[in-house]
Structures are given as structure tokens and as C-alpha cells.
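**Q** Structure in C-alpha cells, see below.
Throughout, read-outs are computed from the coordinates displayed, never taken from laboratory work. Remember, predicted model here, so these are calculated numbers, not experimental data. Neighbour counts run over all protein chains shown; Cβ positions are idealised from the backbone, glycine included.
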């Protein structure tokens, strides 16, 4: 319901605007009405409508927002500089060469082509005495791009309830809408990746594990004389290697698709116990030497499963890229404020060309048979704990992966021991 200015009770009108939740701009109507009424009391010869128009013009001319006062034919009687600048950007091609004074004589809906249908209906409702507000109106511009605006407009009456015109206000929210849509799309992509991860884990990783288990059973059932045959041994080895590679890629993709649950269940974790567990389960039967210089009492604040995955990938990478049949992997570290900086060194060399390709990206590998997910997973785990990870490599000194992990609170201050690679 439209409220008409009542000079006898302006406060009531203010409350009515608040209750109807009109836009902020609507409050100028009772304000200017009250000013006109007070001026009229001081000088009865003044015109209420004339005073109203004076203040309307002053307000719109000096407003920093996109606003205009339209007459009943939708022509802009008064407009702010922002309105003029906004309108000039969206004029119909056939009107661009006309002088600005001539454009003011043309109704607002005819200046923009195509004029938004919702906006046209809104202006018609203003003439019927209804206020309108649109949080979002999309419309096409000349280059076929979509622009977005917020719009509000309301009828303006004189003291005799005669319609004087329409006060209109709009705000270009194109950039805000683009950000909103981009965030919405990102959220949908994250959900899709999370769902894909669950399906992927269930429908592919589990069958691969079953196949690996059955391969182990088959190997145990085969007679020794059959297993010793060159072609059988080669086939079993190839199957085992292929299953292992597919499992690694599958688990890596599943982790890559997770939205970020890597920091759940943070707990005190002994760094030495993690390294020793990985060494025992993955590298005890291999001809490698692990030179562990990490302090014994280092306690990290992280998820133990994630740390096992991290060190398994890093040590596995170090072994694969070492330059000898019996590689030596050196682990060292030092405290750095609330973090512990760890280095994993091997005597292999990562060329500048490979480093420029950013080996921490998914599916980037320096080996032909590499999945390119190991270091990506390492980076995802480290950055999840607000740590940093990087690679230093030279032909003379070998390759060192440096990364930081959070120390257990109150543990970072204890001790100042530092061990590092020279």
C-alpha cells in the first residue's frame, strides 16, 4: 500500500516506510515533504510542489549514487551524474550520436534496447501507486554480455495526492554477481569432485585391492617350478606392478578430489615414530640406507594417517629418483617458530626444465611411468596445515625437498637444536 505524505503526522509516515521495508532512498520523500511543508508555513505564497521540485533537483544533482526523478511519461526530469554516466554506457546504438539534451526528452525505457521486461512492469506499477524493488535484474548490452543491476523505485505525490513522478535508484552489481556465480560454480565443482571421490574409492580402489589379494593367493598356490618359469615370473611381476601403479593413481585421484578434510582429528604425533613406521612397512626389504638425523623428541600436531601418507610418498620419491642402486636418503630438521622444517635429501638431480613444470601439480612427473600424484598429495597435506613445501636441486649436491609442519603447542619453545644439510 502506498503511503502519501501527511504533514500533520510525518513520524507516522516514517514508521510506515520502516514497516514496509522500503529502500533507504524512500526516506527522502517524507523528509523533503516535511521541509516543503515548513517552508510553506513560513511563506504561504510559496508553492509546495515548487519547493519539492527544488529539493528533488538538489538531491539528485548532488547524489553520488545512480538515481533519477522520472515524470509520468518516464522522462528523466532530474538525474545524478552517476545516472547520466551509467545511461550513456547502455544507450541504444541509434541514439548514441544525439545530444544529451535531446536524449533527456526521450522516455527512459526507449533509451535502452532491449529494455528489461521486469523493469518495464515495475515502472508501470509505480504509476499505479506501488513501490518496487528488484534485488537482481539481468539485461543484455551491445557486446552481448550480461549486466546486472539492483533496482528500486517508488511513486512521488504532492500534498493533494497527485502523482508527480517516480524516484528511481539503481546500482550496477555486475561484478558482484560474477563473483557470486563463480563461487556458486566452484562450490558445485567441489561437491562434484567430492562425490566423484567417494564413487571412485568404492567402485575402483576396492576391486583393485581385491585383485591384488587374489594375485597373492595365486602366487602362493602355484608350484615353485611353475613360478620359476621366466614367462610366468615376468607375467606375475607385470601384473603386480600394474596393480600397484593403478592403486597408487586411484588413491591419489581420490585424495586430490577431497575438499579438505586433511586436518581433522589433529593429535600429538611423534615424528620419529612416523618415519620408523614408514621405513619398516615400505623400505625394510629394499637396498636403501636412511640416514635419520631428526631429533628424537619432536612432536607434531597433525593427523597421523596423513603424515604416514606424506612420508611414504616423499621417501618413495627419493628412492625412485636416486642415482645409485643402493641410495642413501638423509632426513634432517630444525625448529622454525611454531613449525618444524624437515628436509629429505637424495643424490638424484631434478633439472631446471622439470622444476619449471612445477612437479607439485597434479599429473606432472619426471618419469615416463610416473603418475604425477605423489608430490601433489604431499603439497596438499603440507598446505592443509598452513606449511610450505619446495624443492632444491643441483647436479653436484643432489635434490632436497624442504617442507614445514606444525609443532605441538608449547612444544615449539622447548629446545633449540638445529640440524641441517650442508
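**Q** Quick check: from the Cα gyration tensor, does segment 10-172 come out rounded (a/c under 1.5), prolate or oblate?
**A** Prolate shape, in that a/c is at least 1.5 and a/b is the bigger ratio.
**Q** Classify segment 84-196 as rounded, prolate or oblate, taking a ≥ b ≥ c as the square roots of the eigenvalues of its Cα gyration tensor: rounded when a/c is under 1.5, otherwise prolate if a/b is larger than b/c and oblate if not.
**A** Here segment 84-196 falls in the oblate category.
**Q** Suppose a student asked you for the relative contact order of segment 10-172, using Cα pairs under 8 Å spaced at least 6 residues apart; what percent would you report?
**A** Value for segment 10-172: 20 percent.
**Q** Rounded, prolate or oblate: pick one for segment 71-143, where a ≥ b ≥ c are the square roots of the eigenvalues of its C-alpha gyration tensor, a/c under 1.5 means rounded, and failing that, prolate if a/b is larger than b/c, else oblate.
**A** oblate
**Q** Which order results if 220, 267 are arranged by neighbouring Cβ count within 10 Å, fewest first?
**A** Ordered from fewest to most neighbouring Cβ atoms within 10 Å, 220, 267 come out as 220, 267.
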